[in-house]
Ligand SMILES: *Cc1c(COP(=O)(O)O)cnc(C)c1O
């Protein structure tokens, strides 16, 4: 007998996960290792330790331990804003007239407004434990920088953020939230780093890109005593920390004997999607259950759907290790009219490998459709969604409408990664009919991919 399902399924504090789940442990064919661009050999712990905190390097390289304890200090921090609710979208279902059952896991209930805080606090914690003075990072629209500055101020760590210049200038609100939490914020490319000066010389007046900001942040970390670099997505360690989303989702569903048919999430670098699906993918890999898993990406930055599975640079300045992933080429920069985030040229290696093995699907959607879905959702469910999250909303609605045609009562779970209060210029462009859909041509993508590094594998 299924129990009556509440609008919001919450877990008790005592039911919150005490361990993160490492999906790589259950993969027979593991994700490809990071390579040293100089030697072409897998990065060693010593080499990675120059850039990243020691404990995080351990997590990055660990592909055998399925459950990794969440330190008590981090669990206590999580309790300030978790467990996050799993919401039954009764109002959306009714509005759509669908027999599908729709649930979303809402990660926007904290000041940074997204899931990124789940990994920010973990990374800041390990940096502090190592006795470091501070960390450096990059941020695009600012969600990661905001999350990290919150975590660093909580732990008393210095936080230096390189923010993509166009966002620094056009999105002052998150910039000021970061400064409120004590972070220093520098527009990238900047004259503060060698790589920044080089990029500015080559492309004067450039708006910057995530890949370029990463190069700057890494350079400063490596050259500053007592600093390390931290990254808010893409890496295995970030997917590991974000597994708290999937573990809570699974626990909440199991409380009411709900079995999802499909799990949908937006994919930029893959951290929220990887975190949401990890425990479900684990069941799938162990042959215990089957789920359809769908990654949703913007048509303007379509790494999974139009990229190539190959080793590539993670950053424009080519200072980071090489990573095997679905990529559009490290020089790929989405069109400036692309407003919806998810603009990274590559993808998590773990998700790339799972996708390559056919264990998950991917779909790309246009930004005007995404904002139409966002608005439809906001009007019935109340929450003002982040543009990134709205990619998942769009596909969840599409799938629910398919159920309406076929009469199937499928259970759909999607990740609602955050709120969109700081994205109102993008909403404004949509409302004024000024938003356009730029889709890169095959030639543009091919030209960018022509610069992939030559690596075996
Ligand atoms: C950063 C961000 C994303 C995309 O990053 P992933 O690493 O792919 O999860 C999605 N939604 C929101 C709200 C974000 O801030």
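The values are calculated or read from the model by the stated rules, or taken from the named source; none is laboratory data. None of the values given here were measured: they were computed from a predicted structure. A quick note on method: Cβ atoms are made from the backbone with ideal geometry, for glycine too, and the neighbour counts reach across all protein chains shown.
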message = Just checking, does region 344-363 include any residue being modelled with pLDDT under 95 and touching a strand residue (DSSP E or B) at 6+ places or on another chain (Cβ under 7 Å)?
response = yes
task = Out of the residues in region 404-418 that are out of contact with any strand residue (DSSP E or B) (no Cβ under 8 Å at 6 or more places or on another chain) and in a loop (DSSP other than H, G, I, E, B), state the one that is nearest to the ligand (Cβ to nearest atom).
result = 408
query = What is the one condition in (1) more than 20 Å from residue 13 (Cα to Cα); (2) modelled with pLDDT of 95 or more; (3) within 16 Å of the ligand (Cβ to nearest atom) that residue 261 does not satisfy?
reply = (3)
ask   = Taking region 267-285, which residues are within 16 Å of the ligand (Cβ to nearest atom), touching a helix residue (DSSP H, G or I) at 6+ places or on another chain (Cβ under 7 Å) and within 14 Å of residue 355 (Cα to Cα)?
value = 267, 270, 273, 274, 277, 278, 281
inquiry  = For region 68-98, give me the residue count where each residue is closer than 15 Å to residue 380 by Cβ and either buried (at least 24 other Cβ atoms within 10 Å of the Cβ) or out of contact with any strand residue (DSSP E or B) (no Cβ under 8 Å at 6 or more places or on another chain) (or both).
reply    = 8
request  = Would you mind stating whether residue 440 is touching a strand residue (DSSP E or B) at 6+ places or on another chain (Cβ under 8 Å), over 18 Å from residue 91 (Cα atoms) and not in a helix (DSSP H, G or I)?
outcome  = no
request  = Give the residue, chosen from 378, 446, that is at pLDDT 95 or above and in contact with a strand residue (DSSP E or B) (Cβ under 7 Å, 6 or more places away or on another chain).
outcome  = 378
query = Counting only residues that are assigned to a loop (DSSP other than H, G, I, E, B), in contact with a helix residue (DSSP H, G or I) (Cβ under 9 Å, 6 or more places away or on another chain) and either within 16 Å of the ligand (Cβ to nearest atom) or within 30 Å of residue 28 (Cα to Cα) (or both), how many does region 355-403 have?
reply = 5
key: Filter result (modelled with pLDDT of 80 or more and either in contact with a strand residue (DSSP E or B) (Cβ under 6 Å, 6 or more places away or on another chain) or surrounded by 23 or more Cβ atoms within 10 Å (Cβ to Cβ) (or both)) within region 330-342   = 330, 332, 342
message = For region 34-54, give me each residue that is in contact with a helix residue (DSSP H, G or I) (Cβ under 8 Å, 6 or more places away or on another chain) and farther than 9 Å from residue 237 by Cβ.
response = 34, 36, 45, 48, 49, 50, 51, 53, 54
query = Looking only at region 29-67, which residues are assigned to a loop (DSSP other than H, G, I, E, B), in contact with a strand residue (DSSP E or B) (Cβ under 7 Å, 6 or more places away or on another chain) and under 30 Å from residue 358 (Cβ atoms)?
reply = 32, 33, 34, 37, 41, 43, 66
query = What about residue 111, is it over 13 Å from the mean Cα position of the chain (by Cα), under 19 Å from residue 172 (Cα atoms) and within 16 Å of the ligand (Cβ to nearest atom)?
reply = yes
inquiry  = With the requirement that a residue be assigned to a loop (DSSP other than H, G, I, E, B) and either within 16 Å of the ligand (Cβ to nearest atom) or within 16 Å of residue 164 (Cα to Cα) (or both), what does region 196-233 give you?
reply    = 203, 204, 205, 206, 207, 208, 209, 230, 231, 232, 233
query = Hey, does region 47-68 have a residue that's within 16 Å of the ligand (Cβ to nearest atom) and farther than 22 Å from residue 32 by Cα?
reply = no
message = Looking for something within 24 Å of residue 429 (Cβ to Cβ) and within 13 Å of the ligand (Cβ to nearest atom) - is there at least one such residue anywhere in region 318-331?
response = no
